[in-house]
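Read the structure below first, then the notes.
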Amino acid sequence: MDFLGDFFLRFVVQFQSPTLGFLIGGMLVAALGSKLKIPNAIYQFIVFMLLMKIGLKGGIEIREANLAAMALPAFFSILIGVLIVRVGVTLFGMLPGINKTDGLATAGLFGAVSASTLAVAIVMLEEEAIFFEAWAPALYPFMDIPALILAIVLANIHLKKQKEGKDTKVNVWQIIKDSLRGSALSALILGLALGLLTNSGNVLESFYEPLFRGFLSILMLIMGMEAYDRIKELRSVAHWYAIYAGVAPLMHGLIAFGLGYVAHLLVGFSPGGVVILAVMASSNSDISGPPTLRAGIPSANPSAYIGASTSVGTPVSIAIGIPLFIALAQIVFGL
Amino acid sequence: MDFLGDFFLRFVVQFQSPTLGFLIGGMLVAALGSKLKIPNAIYQFIVFMLLMKIGLKGGIEIREANLAAMALPAFFSILIGVLIVRVGVTLFGMLPGINKTDGLATAGLFGAVSASTLAVAIVMLEEEAIFFEAWAPALYPFMDIPALILAIVLANIHLKKQKEGKDTKVNVWQIIKDSLRGSALSALILGLALGLLTNSGNVLESFYEPLFRGFLSILMLIMGMEAYDRIKELRSVAHWYAIYAGVAPLMHGLIAFGLGYVAHLLVGFSPGGVVILAVMASSNSDISGPPTLRAGIPSANPSAYIGASTSVGTPVSIAIGIPLFIALAQIVFGL
Amino acid sequence: MDFLGDFFLRFVVQFQSPTLGFLIGGMLVAALGSKLKIPNAIYQFIVFMLLMKIGLKGGIEIREANLAAMALPAFFSILIGVLIVRVGVTLFGMLPGINKTDGLATAGLFGAVSASTLAVAIVMLEEEAIFFEAWAPALYPFMDIPALILAIVLANIHLKKQKEGKDTKVNVWQIIKDSLRGSALSALILGLALGLLTNSGNVLESFYEPLFRGFLSILMLIMGMEAYDRIKELRSVAHWYAIYAGVAPLMHGLIAFGLGYVAHLLVGFSPGGVVILAVMASSNSDISGPPTLRAGIPSANPSAYIGASTSVGTPVSIAIGIPLFIALAQIVFGL
Amino acid sequence: MKFYKAKKVVIIAEKILSSKICEIIESNGARGYTVVPAGGKGAHNMHYTSERASVVDDFSNVRIEVIVKNKSIAESIGSQVVENCFENYSGIVYLEDVEILRPDKFNGG
Amino acid sequence: MKFYKAKKVVIIAEKILSSKICEIIESNGARGYTVVPAGGKGAHNMHYTSERASVVDDFSNVRIEVIVKNKSIAESIGSQVVENCFENYSGIVYLEDVEILRPDKFNGG
Amino acid sequence: MKFYKAKKVVIIAEKILSSKICEIIESNGARGYTVVPAGGKGAHNMHYTSERASVVDDFSNVRIEVIVKNKSIAESIGSQVVENCFENYSGIVYLEDVEILRPDKFNGG
Ligand SMILES: Nc1ncnc2c1ncn2[C@@H]1O[C@H](COP(=O)(O)O)[C@@H](O)[C@H]1O
Ligand SMILES: Nc1ncnc2c1ncn2[C@@H]1O[C@H](COP(=O)(O)O)[C@@H](O)[C@H]1O
Ligand SMILES: Nc1ncnc2c1ncn2[C@@H]1O[C@H](COP(=O)(O)O)[C@@H](O)[C@H]1O
Ligand code: NA
Ligand code: NA
Ligand code: NA
């Protein structure tokens, strides 16, 4: 009861957070047919700026970090990525009217990680002054890549079974390269490397950090507009995708929270780190994931996975997931 | 004499203001055939940023405002919007060689409001430390929408009279929706709503406010370049448009100043608010107005109204109007 | 020995500078086939911002400057621009398999000046707290324009000799206008004028200056990506271009350093100014130069001059040239 | 693979007309169309491409191309666009012969 | 100057396919091609032009045109693109007759 | 509505040549033209579309199309562009047959 009360309080407060406000504002703006649009060049630049900031910050602080402590959370990240896809396959397998490859692609996307959702979580944690290891956001690829690989490999094995004749080999290394070359992971890793190897503290503090929140507000606006715009695509596919997209983020987040808690007990993973892990699991990839899946599972219908993730998954994981995991952390860890 | 002296002094100072400098710089750059260009994506983003800042600021401060005080200025705004169009129709009706719908569209554009001119006025008032109610910029739609509606309705009634057969119904509600959906009003209203409903003070202060002046300087550069580039269009239409565009901004501003003064006496409307009202009247819509008019009065020649407003109206209202109204306020209200 | 030791130390430190880090990072990102890209609109905007900042700053400080002191450095700038082209012609003339006009265009590009390299030098000097006259960056056009003119004039005389029949007059005034109208010089001169004539200190300090370093970091990333991407073009032309591009920046910089030193002795040109002069000579034009040369010497193969400058010249002058000239200055002037 | 004769309609018009033109295209039974942003000059004014900052981005042009299997539908799309859209707005329409693969992807006519 | 008959192949496809399509074009001996970013609507979904912010920019379309001197190469490019690229991705291909100058600039066929 | 035969000239060239080409078009009496930014590959180099940051944006291509009523003007535009612009710059020109509405909108020829 206490927990529920705390959660609802937090939830109401969250609705006054400008981050969420911009997300909902974006949806309304699109729903009302406004001609307001943010140019694509600005969107791409904002995403770059956010990932660069997360990367630089991580890189700089990793220098002093005890990286041994990262091993278990990194392992858990891989585990979660794999688990989400497996669970997704099982779930979609039980539902009627679901094309197997569409289900796999959707599960892969929800196993992968969203940089924007991660950025929101970082801002919320900073606002609540909850500490997290600077390397925690760098767990991103450990969860993202295995989820995408597994989904693509499973889909291709399935297709191979179907049409014996045509031999569809799956090149795992190619998928890893595709993921790492995607613009999101490239920017994050570049930032990490620059933070680690160069004296970039100055440019981080004077440029990337001050612009972080502002750009995030605009990114949320874009995500909101896209969420509304893609609902029509979602409507063209089975409604199970929408239901999955509404439930899975919370389910995935709670699983990750549990594993994060284990890491807390075993290697002292911080409460903020546990929240980051949960948010990563809860999020679904919105930048690099879709093109990687489009290339890796071409026969899957993009409307299924993109509609589900953009229109339902992302809003749920930002608006419900993040405050839920933070409230949970505050209660579980007695913050 | 004293007033004239003060005005000229202020005028000279104004010419050293970077805002005006960038405007004139833009004209020169275009006139000299420079290849310098600001990408369209940046222009759209800057306009969004400025309107968001004005909206957020207004929304935040409206919370504590006594909105009853807004009633009379809002009513006057509507009145001014309507008046400008009526006066415009009469004036253009008296001039030779003016197509009736072209005249109506031009009057509508000058009745509507420019977000960029408004932004300049806000910066100038802040520089002079002249107080204005935070809700004053929110009077924008009260003047903008009625002016556009009236112009479109009158034009369509006129056209209907001409060709009896074809029945051209005017859908007022459609025009209102079009105006509100335009990118300028959408951004302003979204900002107002977010400022009012969310805790956006932080993001306003750390992001939107610090970038305001800088972005405005670039916007002025763009306006200057456009002003020069569109002179050729202006040349292709009757020179009465240029004359109207040179005189109307000051005339409209002075009418609004008078009504604002009445509001000052009756409900204590602030001197800065009176200037804002005058600047709105003086300005002409440069973002949402043209497409709304293009759709609403398709038979009007865009070269007439866009040439007149961009090449003459906007420079006059920024370079002469704003310093004039501020000087007037300082004298009338003894600031 | 002492000098070499100092230089290598400085060189290693430089490699930890984020500026250089971003440059190398960009090359790696491109080499690894990443899909990361910075939109063109952002690139154009960043270049505008940097030049505006350099211009405004220069313009503001020129007001108090003793411009007589500028005469000799300005004259030397012209001399250097001319010298670089002459030396280039001679060098390329001695090499086998070099098309005369291609060589001329390349020499012209290396005689011209790069705004981005200049911006890096300004940041490095500020970091090392080495003073330079605020008007020093304004020497830019004095070196840039003569180099471009001379290269174009020589190329056209050469072509005229070849095909007597067709009369190819060279319009020097047209080349000067083309250079000044290029987006780089336009922005610099506009900034200078606004800095000189308007009260732009406020907008410079609150907007252009704080964003300078951050935007420069992104520009370096772009330059790095371009450097890698254009290597294929360089491969399609004689390898002499690559060798020239590797050696010439240092040679040109050292010549300019020598002349700058003379100016130091004669008119007290500051050590930082000498470095600026050397960096300008060392740099090669990356924004306005290529289109001016393309228009002026259309028969020259752009792959030769753009490949050489972007892929080799710029990285060499930023990564080796700038630290070399600063180390030299510190030793020569005992800083 | 076999190629089949078909007709292409190209419409160049102000961006502001896009949605109205697309409605006409769809109401004629075409199964798809392709849109490219364009600039241009005609009887009216210069329409810039939307790359550079412009106060009136909505006035730049679009170039819409639609492929349909039979001539009559092409002509009907062309005529309807001219009649319903170009009285007050600038624009042109033209038809071309093309050869397509997979004709079932195009209109049923 | 003399004009020579030639064939143009136009391919409208998802951006993600560009490089694969360009390979097919080059492997057929064509000496060049022109690419324009496009939006469109077809059997699958709406593909927006890449002007506005979009979560899935890679799904916008490109319009590629290639001119070759002889019909058989044009048909071979068209067929290969349909066979190798459009099984799972959206796109169309069509051919047109054109007249070119300087035929030596185009494929050797 | 009646459709009339006409000729379309398509010119693909470096952006830097746009204004010169437009002059040639207008001096031949054409009443309009349409310009689309393009990328491409040919005998010379890769020309990127202008979407991504590029040190040499001016070297990207444009695709200009002009419709004129008669063949001879089309050929004259084509030949003049090749002769005056493509000696040192890259580019191609081709003609196509089109059918237009409202022929009075096009050149007087
Ligand atoms: N002869 C032509 N050839 C190609 N495009 C044209 C032609 N005439 C007009 N256009 C295009 O159609 C648009 C509208 O033309 P107009 O209605 O004549 O102003 C212009 O902006 C051009 O993009
Ligand atoms: N009938 C058509 N005419 C012109 N373009 C088309 C047509 N059908 C499809 N397209 C284009 O081809 C793309 C893919 O079509 P589809 O494979 O039907 O989804 C669409 O987005 C359009 O750009
Ligand atoms: N065969 C072709 N088909 C279509 N476009 C071409 C062809 N050849 C060249 N182009 C276009 O014309 C431009 C210049 O070609 P080039 O002069 O061969 O370098 C290229 O960048 C392409 O955009
Ligand atoms: Na996930
Ligand atoms: Na007004
Ligand atoms: Na140089």
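The values are calculated or read from the model by the stated rules, or taken from the named source; none is laboratory data. Predicted model, so just to flag it, every value in this text is computed and none were measured. For neighbour counting, all protein chains shown are included, and Cβ atoms are generated from backbone atoms with ideal geometry for every residue, glycine included.
Quick check: anything in region B:226-237 crowded, with 24+ Cβ neighbours inside 10 Å and either at positive phi or within 16 Å of ligand 5 (Cβ to nearest atom) (or both)? No, that holds for no residue. Checked against (1) part of a helix (DSSP H, G or I); (2) farther than 30 Å from A:Ile38 by Cα, C:Glu64 meets all criteria but (1).
Residues in region B:306-320 that are in contact with a Pro (Cβ under 7 Å, 6 or more places away or on another chain) and more than 10 Å from chain D (Cβ to nearest Cβ): B:Gly313, B:Val316, B:Ser317. In region B:101-115, what residues are within 14 Å of chain D (Cβ to nearest Cβ), small (Gly, Ala, Ser) and either closer than 12 Å to B:Ser309 by Cβ or within 16 Å of ligand 6 (Cβ to nearest atom) (or both)? Across region B:101-115, the qualifying residues are B:Ala105, B:Ala112, B:Ser114. Selection over region D:59-76 of residues that are surrounded by fewer than 23 Cβ atoms within 10 Å (Cβ to Cβ) and either within 13 Å of chain B (Cβ to nearest Cβ) or at pLDDT below 80 (or both) gives a count of 1.
Cβ-Cβ contacts under 6 Å between residues 6 or more apart (or on different chains), taken from a first residue in region A:272-297 that is at negative phi to a second residue that is of a type in the set (Phe, Trp, Tyr) and crowded, with 24+ Cβ neighbours inside 10 Å, are listed as A:Val275/A:Phe325; A:Ala278/A:Phe325; A:Asn284/A:Phe110.
Listed here are the helices (runs of 4 or more DSSP H) enclosed by region B:164-235 that have at least 3 residues being more than 14 Å from chain A (Cβ to nearest Cβ) and under 30 Å from A:Thr19 (Cα atoms): B:209-229.
Checked against the criteria, C:Ser288 counts as within 14 Å of ligand 6 (Cβ to nearest atom) and at pLDDT below 95. Inside region D:32-49, residues that are of a type in the set (D, E, K, R) and at pLDDT 90 or above make up a count of 0. Taken together, C:Gly214, C:Gly201 contain a single residue that is closer than 27 Å to A:Leu211 by Cβ, surrounded by 20 or more Cβ atoms within 10 Å (Cβ to Cβ) and modelled with pLDDT of 90 or more, which is C:Gly214. For region B:326-333, check the following and say yes or no: at least one residue is within 14 Å of chain D (Cβ to nearest Cβ), closer than 24 Å to B:Gly25 by Cβ and in contact with a helix residue (DSSP H, G or I) (Cβ under 9 Å, 6 or more places away or on another chain). No: zero hits. For region B:263-275, the criterion of being closer than 18 Å to B:Ala121 by Cα, in contact with a helix residue (DSSP H, G or I) (Cβ under 6 Å, 6 or more places away or on another chain) and at pLDDT below 90 is satisfied by no residue at all. Based on what the data block shows, is A:Thr168 at pLDDT 90 or above and among the hydroxyl-bearing types (Ser, Thr, Tyr)? Answer is no for this residue. The C-beta contact set for region D:30-47 (first residue away from ligand 6 (no atom under 16 Å from the Cβ), second residue at pLDDT 85 or above and assigned to a loop (DSSP other than H, G, I, E, B), distance under 6 angstrom, 6+ apart or interchain) comprises D:Lys41/F:Gly32; D:Gly42/F:Gly32.
Given the criteria aromatic (Phe, Trp, Tyr) and within 19 Å of C:Phe48 (Cβ to Cβ), does C:Tyr208 qualify? Spell out the reasoning first.
On the way: aromatic (Phe, Trp, Tyr): yes; within 19 Å of C:Phe48 (Cβ to Cβ): yes.
So C:Tyr208 fits the description; yes.
Filtered by the rule that a residue be more than 24 Å from B:Leu51 (Cβ to Cβ) and at pLDDT below 90, region B:301-326 gives B:Asn301, B:Ser303, B:Ala304, B:Gly307. Count of region B:29-57 residues, restricted to those that are over 30 Å from A:Gly25 (Cβ atoms) and more than 8 Å from every other protein chain (Cβ to nearest Cβ), is 2.
Name every residue in region A:274-295 that is within 14 Å of another protein chain (Cβ to nearest Cβ), more than 13 Å from the chain's Cα centre (by Cα) and buried (at least 24 other Cβ atoms within 10 Å of the Cβ), in order of residue number.
Step one: filter region A:274-295 for residues within 14 Å of another protein chain (Cβ to nearest Cβ), giving A:283-295.
Within this subset, residues satisfying the condition of being more than 13 Å from the chain's Cα centre (by Cα) are A:291-295.
A:Thr292, A:Leu293 - these are the residues of region A:274-295 that are within 14 Å of another protein chain (Cβ to nearest Cβ), more than 13 Å from the chain's Cα centre (by Cα) and buried (at least 24 other Cβ atoms within 10 Å of the Cβ).
At pLDDT 90 or above and in contact with a helix residue (DSSP H, G or I) (Cβ under 9 Å, 6 or more places away or on another chain): is that true of A:Gly25 in this structure? Against the criterion (at pLDDT 90 or above and in contact with a helix residue (DSSP H, G or I) (Cβ under 9 Å, 6 or more places away or on another chain)), A:Gly25 qualifies.
Among the residues that make up region C:136-153, is at least one of them modelled with pLDDT of 90 or more, surrounded by fewer than 23 Cβ atoms within 10 Å (Cβ to Cβ), of a type outside the set (A, V, I, L, M, F, W, C) and more than 20 Å from C:Ser299 (Cα to Cα)? Yes; the residues of region C:136-153 include at least one that is modelled with pLDDT of 90 or more, surrounded by fewer than 23 Cβ atoms within 10 Å (Cβ to Cβ), of a type outside the set (A, V, I, L, M, F, W, C) and more than 20 Å from C:Ser299 (Cα to Cα).
Pairs meeting the criteria (first residue in region B:135-146 and touching a residue at least 12 places away in the same chain (Cβ under 8 Å), second residue charged (D, E, K, R), beta carbons under 9 Å, at least 6 apart or on different chains) are B:Trp135/B:Glu61; B:Pro137/B:Lys57.
Quick one: is B:Met94 away from ligand 5 (no atom under 16 Å from the Cβ) and either surrounded by fewer than 21 Cβ atoms within 10 Å (Cβ to Cβ) or β-branched (Val, Ile, Thr) (or both)?
Working: away from ligand 5 (no atom under 16 Å from the Cβ): yes; either surrounded by fewer than 21 Cβ atoms within 10 Å (Cβ to Cβ) or β-branched (Val, Ile, Thr) (or both): yes.
For B:Met94, the condition - away from ligand 5 (no atom under 16 Å from the Cβ) and either surrounded by fewer than 21 Cβ atoms within 10 Å (Cβ to Cβ) or β-branched (Val, Ile, Thr) (or both) - is met.
For region C:50-71, a residue qualifies if it is closer than 25 Å to C:Gly289 by Cα and surrounded by fewer than 21 Cβ atoms within 10 Å (Cβ to Cβ), and exactly one does: C:Ala71.
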